[in-house]
């Protein structure tokens, strides 16, 4: 379950500081959120795929850690990001 290059480029341009910014917290969270949504759809069809579920939990943990970091550093950017991505907190 990988993300297409076109979609990844769109996410980078929308959430990054420039078109090559893949390292900022906002960009990483946006890409992880997209991958999490895709995997969630996958589990509707394949509920017994436990190895992919483990990968999903790792992605969610990584996103949570990045969001916690962003919340400590820049609360306004954190609030804006979770509203744009429809992440509940």
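Close contacts from the stretch 35-59, counting a first residue that is at negative phi and part of a loop (DSSP other than H, G, I, E, B) and a second that is surrounded by 10 or more Cβ atoms within 10 Å (Cβ to Cβ) and modelled with pLDDT of 95 or more, with Cβ to Cβ under 6 Å and a gap of 6+ residues or different chains, come to none at all.
Look at residue 32 and say whether it is touching a helix residue (DSSP H, G or I) at 6+ places or on another chain (Cβ under 6 Å) and farther than 18 Å from residue 5 by Cα. Judged against the criteria, residue 32 is not a match.
The values are calculated or read from the model by the stated rules, or taken from the named source; none is laboratory data. It should be emphasised that the depicted structure is a prediction, and the values quoted were computed from it without experimental measurement. Reconstructed Cβ throughout: ideal geometry from the backbone, glycine too, with neighbour counts over all protein chains shown.
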